[in-house]
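Read-outs: derived from the displayed coordinates by stated rules, not from any lab. In this text the structure is predicted, and so the values were computed from the model without any measurement. Here Cβ is always computed from backbone atoms with ideal geometry, including for glycine, and neighbour counts include all displayed protein chains.
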Amino acid sequence: MKKAGRPKQANRRTESLEIRLNENEKRAFQEAAQISGISVSTWVRERLRRAVIRELEEAGRPATFLLGV
């Protein structure tokens, strides 16, 4: 028998990362996210993922989060 309710999400985000910013940085992040049409959280996550991929590849290391590890 199927269970009622919303299906479980794969790759559910359960972790958070707290960073400190000055007002100008935060405002710039918010403005860039708004221009992109996405939330600040999504904007920051996407940009950090790009940076991780670039830096790990330059170091010859795999970006394991891409592999679902």
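Extension gain, ARG27 to VAL52, is 6.7 nm, computed as 0.36 nm per intervening residue step minus the present C-alpha separation.
Summing charges over all other residues whose Cβ lies under 14 Å from the Cβ of SER39, with Lys and Arg as +1 and Asp and Glu as -1, gives +2.
Length available on full extension from VAL44 to ALA4: 0.36 nm per residue minus the Cα-Cα distance, which gives 11.0 nm.
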